[in-house]
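Step one of this worksheet: look at the structure below.
The values are calculated or read from the model by the stated rules, or taken from the named source; none is laboratory data. Note that the structure is predicted; figures quoted are calculated from it, not measured. Heads up, the Cβs are rebuilt from the backbone with ideal geometry, glycines too, and the neighbour counts pull from every protein chain shown.
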Amino acid sequence: MGSCWTTSANNRTINQHTNKMAEEVQSRNKESHTRSILKGITWRFIATGTIIIIVWVKTGDPRGALEIGAIEFFIKFLLYYLHERAWQLAPRGAIRSWFKKNKS
């Protein structure tokens, strides 16, 4: 009977350790607000630079291109940040399992 209790206690300890490790991995996979902001800013520089060049080439108006780029930068940065944070609310693997469940 003593060995059953020991095995049960060992299983509990292993399960607790496994759950703790899973929580740590999941928390490491979450991006911080700062990382989301930095990713948004760096991407916006690339994307805004592209739109400024396109508008300038199409219109020949560098001032108009810069104005459009400035407006576009802030609007799309905010949308990107909100999009990133919304995705952080979805647990890893939840989307994949939803598609697998609805596929059949």
Flagged pairs (Cβ under 9 angstrom, 6 or more apart or on separate chains; first in the range 43-54, of a type in the set (D, E, K, R); second part of a helix (DSSP H, G or I)) are Arg44/Glu72; Arg44/Phe73; Arg44/Phe74; Arg44/Lys76; Arg44/Phe77; Arg44/Tyr80
By my count, helices (runs of 4 or more DSSP H) wholly in the chain with at least 2 residues that are acidic (Asp, Glu), surrounded by 10 or more Cβ atoms within 10 Å (Cβ to Cβ) and modelled with pLDDT under 80 are 2-29
